[in-house]
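The values are calculated or read from the model by the stated rules, or taken from the named source; none is laboratory data. The structure displayed is predicted, hence computed values, not measured ones. Backbone-built Cβ (ideal geometry, glycine too); neighbour counts: all protein chains shown.
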Amino acid sequence: MDLRFTPDEIAFRDEVRAFMRDALPAPIRRKMVEARRLEKDDIVTWQRILNARGWAVPHWPVAWGGTGWSPVKQYIFHEELQQAPAPDPLPFGVNMVGPVIIAFGSEAQKRRHLPRIANLDDWWCQGFSEPGAGSDLASLKTTARRDGDSYVVNGQKTWTTTAQYADWIFCLVRADPAAKKQQGISFLLIDMKTPGITVRPIQTIDGGREVNEVFFDDVRVPVENRVGEENRGWDYAKFLLGNERTGIARIGTSKARIRRLKEIAALERAGDKPLIEDERFRTKIAAVEVELKALEMTQLRVVAAARERNEPDPASSILKIKGSEIQQAVSELLLEAIGPYALPEETHDDADRWNEPPIGPEWAGPLAPHYFNWRKVSIYGGSNEIQKNIIAKAILGL
Ligand SMILES: Cc1cc2nc3c(=O)[nH]c(=O)nc-3n(C[C@H](O)[C@H](O)[C@H](O)COP(=O)(O)OP(=O)(O)OC[C@H]3O[C@@H](n4cnc5c(N)ncnc54)[C@H](O)[C@@H]3O)c2cc1C
């Protein structure tokens, strides 16, 4: 298996790298470098820049705005985007509901939604998880009772990321309460402006607002907003979750964060030598870099195999586990590097801990919230324990 890029792929990498250098607005790049929280406008602005270049939805069919790139070129694109570092296009539209609509939606749904997803004219969120239905998603209880040309939806979703910004939500609902678990589930597209929807924030440990509870109280959804067939929603959800894990290793992001870590560790410290001169700290950085290099090789093997097979690989579960462990390890080293500046300051009344550090230099402020926030990466997209179950079944055949 040849893991080296061809001359054509290297030329492509240089083209993408130059675009990322020139087109990414400096304030967004700075937030990304410093691990600050992005605002909605940052993500919309950047996705529209990508879309104007024809690169917002590279993996979609060309007819709907895709690029026709090989899996290797798609990999190179994401690697360069993450290393820039630039924000990902909004995953709920671009990686999740978009491909589901392309594969299973009606022509009317494609025409209505796909161009608006690519340009981020509509912000989407994902309504899968419920209290009591996370890893065991098929036990979800939100109901959709058929009434003429509509479904009437009742229930609750939770952990819904950025629902506070959303124009639309895609939901798994139970249209046939009599059917067993997986069989009674349907996939609905719901306009967030529909009467009966309430969004309530969940305060997270980093002090931010990223996830929400979403309540449905007699929400009327036109039947034409169902994707595909009634009671086949579980198949569509499995297709979607397979896509969700693609690119989750975030190797480029970890590289960019390690670069930042080294910059911080090289800074002068009052009364002490820079941390980078401490051999034990350097050893810790080297250890995580070695792990990352090994992960990169695994990722390249998966990509090279995809070049030949052109289908998803259960090895994406390995990438998810190792990738999230490395991202968390780097966030821990960043915390160690800022030492006392990582201390939360509970007495600071309205501390927005992401953007206004209560103590220490301004650039250190976001790093403790970033550390806390990044605990999520081993949970969402299917927890790491669930990925181990998938590896046991699909790779080890246990
Ligand atoms: C920051 C964040 C954002 C999220 N955003 C969204 C979103 O936008 N939309 C959405 O629908 N969901 C979202 N989720 C939900 C996420 O998908 C679930 O949290 C995840 O699937 C785990 O489900 P749970 O929280 O109910 O935990 P549980 O399923 O209750 O799991 C609890 C613990 O038990 C372990 N466990 C469970 N079952 C098994 C098993 N069979 N074998 C071994 N161990 C097991 C889990 O690994 C975990 O450690 C988000 C979660 C987070 C943290």
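Worth a mention:
- Residue that is farthest from Arg226 (Cα to Cα), among those in the stretch 139-160 that are hydroxyl-bearing (Ser, Thr, Tyr) and away from the ligand (no atom under 13 Å from the Cβ): Thr143
- Flag if Leu261 is at pLDDT 95 or above, aliphatic (A, V, I, L, M), in the same structural domain as Pro366 (by TED's automatic domain parsing) and at negative phi: yes
- Positions within the stretch 161-177 being in a loop (DSSP other than H, G, I, E, B) and within 13 Å of the ligand (Cβ to nearest atom), in sequence order: Thr161, Thr162, Ala166
- Boolean, Glu130 is charged (D, E, K, R), crowded, with 19+ Cβ neighbours inside 10 Å, more than 19 Å from Gly54 (Cα to Cα) and not assigned by TED's automatic domain parsing to the domain that holds Val377: yes
- Of all residues in the stretch 121-138, those satisfying the criterion of being near the ligand (Cβ under 7 Å from one of its atoms) and assigned to a loop (DSSP other than H, G, I, E, B) are Phe128, Ser129, Gly134, Ser135, Asp136.
- Put simply, of Pro89, Pro58, Pro85, Pro115 the only residue that is within 16 Å of the ligand (Cβ to nearest atom) and modelled with pLDDT of 95 or more is Pro89.
- Within the stretch 249-258, if we keep just the residues that are buried (at least 21 other Cβ atoms within 10 Å of the Cβ) and of a type in the set (A, V, I, L, M, F, W, C), the residue that is modelled with the highest pLDDT turns out to be Ile251.
- Counting residues in the stretch 211-218 that are under 21 Å from Gln109 (Cβ atoms) and more than 23 Å from the chain's Cα centre (by Cα) gives one or more.
- In the set (1) under 15 Å from Tyr236 (Cα atoms); (2) away from the ligand (no atom under 15 Å from the Cβ), the condition left unmet by Leu188 is number (2).
- Residue match in the stretch 242-252 (condition: in contact with a strand residue (DSSP E or B) (Cβ under 7 Å, 6 or more places away or on another chain), of a type in the set (Val, Ile, Thr) and either closer than 19 Å to Phe92 by Cβ or not in a strand (DSSP E or B) (or both)): no
- Ile102 among the β-branched types (Val, Ile, Thr), touching a helix residue (DSSP H, G or I) at 6+ places or on another chain (Cβ under 9 Å) and farther than 21 Å from Lys193 by Cβ: yes
- Search result, residues across the stretch 191-236 that are out of contact with any Ser or Thr (no Cβ under 9 Å at 6 or more places or on another chain), of a type in the set (S, T, N, Q) and within 14 Å of the ligand (Cβ to nearest atom): Gln203, Thr204
- Scanning the stretch 177-191 for residues that are in contact (Cβ under 8 Å) with a residue 40 or more places away in the chain and touching a strand residue (DSSP E or B) at 6+ places or on another chain (Cβ under 8 Å) yields Gly184, Ile185, Ser186, Phe187, Leu188, Leu189, Ile190.
- Residue check, Lys141 assigned to a helix (DSSP H, G or I), touching a residue at least 12 places away in the same chain (Cβ under 8 Å) and out of contact with any Ser or Thr (no Cβ under 7 Å at 6 or more places or on another chain): no
- Yes/no for Val100 being surrounded by fewer than 19 Cβ atoms within 10 Å (Cβ to Cβ) and outside the structural domain of Gly54 (by TED's automatic domain parsing): no
- Boolean, Glu385 is at pLDDT 95 or above and either within 8 Å of the ligand (Cβ to nearest atom) or not in a helix (DSSP H, G or I) (or both): yes
- For beta carbons closer than 7 Å, sequence separation of 6+ or different chains, a first residue in the stretch 256-270 that is farther than 17 Å from Arg280 by Cα and a second that is in a helix (DSSP H, G or I) and among the β-branched types (Val, Ile, Thr), the qualifying pairs are Arg257/Val330; Arg260/Val33.
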